[in-house]
Amino acid sequence: MIYVLEDAYLSKEGGVLKVARRRGQEVFLERPLVGVEEIVILGNAVVTPALLKHCAKEGVGLHYLSPTGGYYAGLTRTPAKNAPLRVAQFRAHLDPKRKLALARRFVLGKVQNGLTFLRRNGALGWEALKPFLQDVEKAANEETLRGLEGLAADRYFQIWARLLPDGFTFTERNRRPPRDPVNSLLSLAYTLLAKECESALHMAGLDPYVGYLHEVRYGRASLALDLMEEFRPILADSVVLILLANRRITQEDFEEAHPELPFGEGFPKLRKEAWPKFLRAWEERLNQRIRHPLLGKSHTYRETLLLQARLLGKHLMGELPEYPPFTVR
């Protein structure tokens, strides 16, 4: 994974990716393209046609994010040739019973991992999430299920906030825009997680835009949002908590909010100089190995995202009786 934070010039020279300040000027990075799977651009970088063609041909993800971590657009892999799998995906979406059953599995995974994460970290009151597991299992329709998911998320964050170090206030999860540094970091982590889930679904041959828990809307990768639910606590929330609890990121790493700016523009933003600390922690977590409870083998979290996408595909094709969300103990 290559992250480009500068306003740089990206080119392909032979089999090498070069990142320079400008064309013909100081080179920041040279990397063999054979080892590059994704490029994430957070600045106003120029990408040469030769590099764009290589990314399209070889399936290298090229993603453009705003300086605050908002997702703009990306060049992703060509849709897989497994048309029967996507037909099965669409059929499940159109079947109310199967759609509800799949949505329920994503929510169960999220609640279980949230509960485990809080318990592992010694958060007072983690037991309050337990009743939601039974309630989710009994949810009779999508509206009830989404309501329970929202209530569980609110309760989870009330407890999660108790783990934050002094100096960081967090009263509720808010976004568009995030109104405090903690929410700003969470939004950034969720953007990167959604991108990882979308890439995994593409690789597994699924359509990231047709989901089950999240309704289909133009331009929204609903299935990527579904898949990321079970990984929010153990990847995104975990990285944010580690960075803050270990003082790797402090209040000084944020630009102050400016209330005189229009709504949506004045929220706290991670300073450019602090981005490497966040991205380093994010990559460390994605590359951490963990034993998959169903498959019984050790994989990185990034590999596990792909494995879950493929398990979802197997369920849709009738090879598994239900989708098994990834959960930790």
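The values are calculated or read from the model by the stated rules, or taken from the named source; none is laboratory data. This structure is a prediction, so every number in the text was calculated from the model and none was measured. In this analysis, Cβ positions are derived from the backbone assuming ideal geometry, glycine residues included, and neighbour counts consider all displayed protein chains.
Looking across MET228, MET203, one residue alone is more than 12 Å from the chain's Cα centre (by Cα) and not charged (D, E, K, R). It is MET203. Do we have LYS97 as closer than 16 Å to GLY211 by Cα and loosely packed, with under 12 Cβ neighbours inside 10 Å here? Yes, satisfied.
Could you grab me the full set of residues in region 142-153 that are charged (D, E, K, R) and either within 19 Å of VAL239 (Cα to Cα) or crowded, with 17+ Cβ neighbours inside 10 Å (or both)? The answer is GLU149, and nothing else. Tell me, yes or no, whether region 10-32 has at least one residue that is in a loop (DSSP other than H, G, I, E, B), surrounded by 14 or more Cβ atoms within 10 Å (Cβ to Cβ) and among the charged types (D, E, K, R). Within region 10-32, none of the residues are in a loop (DSSP other than H, G, I, E, B), surrounded by 14 or more Cβ atoms within 10 Å (Cβ to Cβ) and among the charged types (D, E, K, R).
Here's a check for you: in region 159-178, which residue that is touching a residue at least 24 places away in the same chain (Cβ under 8 Å) and either surrounded by fewer than 16 Cβ atoms within 10 Å (Cβ to Cβ) or touching a Cys at 6+ places or on another chain (Cβ under 6 Å) (or both) is nearest to LEU213 (Cα to Cα)? First the steps, then the outcome.
Filtering region 159-178 for residues touching a residue at least 24 places away in the same chain (Cβ under 8 Å) gives 159-160, 162-165, 167-168, 176-178.
Of the ones still in play, those that are also either surrounded by fewer than 16 Cβ atoms within 10 Å (Cβ to Cβ) or touching a Cys at 6+ places or on another chain (Cβ under 6 Å) (or both) are 162, 164-165, 167, 176.
Working: ARG162: 29, LEU164: 29, PRO165: 33, GLY167: 35, ARG176: 21 Å.
That would be ARG176.
Within region 209-243, the set of residues being in a loop (DSSP other than H, G, I, E, B) and within 18 Å of ARG104 (Cα to Cα) comprises VAL210, GLY211, TYR212, LEU213, HIS214, GLU215, VAL216, GLU230, PHE231. Restricting attention to region 308-319 and to residues that are crowded, with 18+ Cβ neighbours inside 10 Å and either aliphatic (A, V, I, L, M) or touching a helix residue (DSSP H, G or I) at 6+ places or on another chain (Cβ under 7 Å) (or both), the residue that is farthest from CYS197 (Cα to Cα) turns out to be LEU316. Only one of the numbered conditions (1) at pLDDT 85 or above; (2) touching a strand residue (DSSP E or B) at 6+ places or on another chain (Cβ under 8 Å); (3) surrounded by 14 or more Cβ atoms within 10 Å (Cβ to Cβ) is violated by ARG291, and that is (3).
Of the residues making up region 254-278, just one is more than 22 Å from the chain's Cα centre (by Cα) and at pLDDT 80 or above, namely GLU273.
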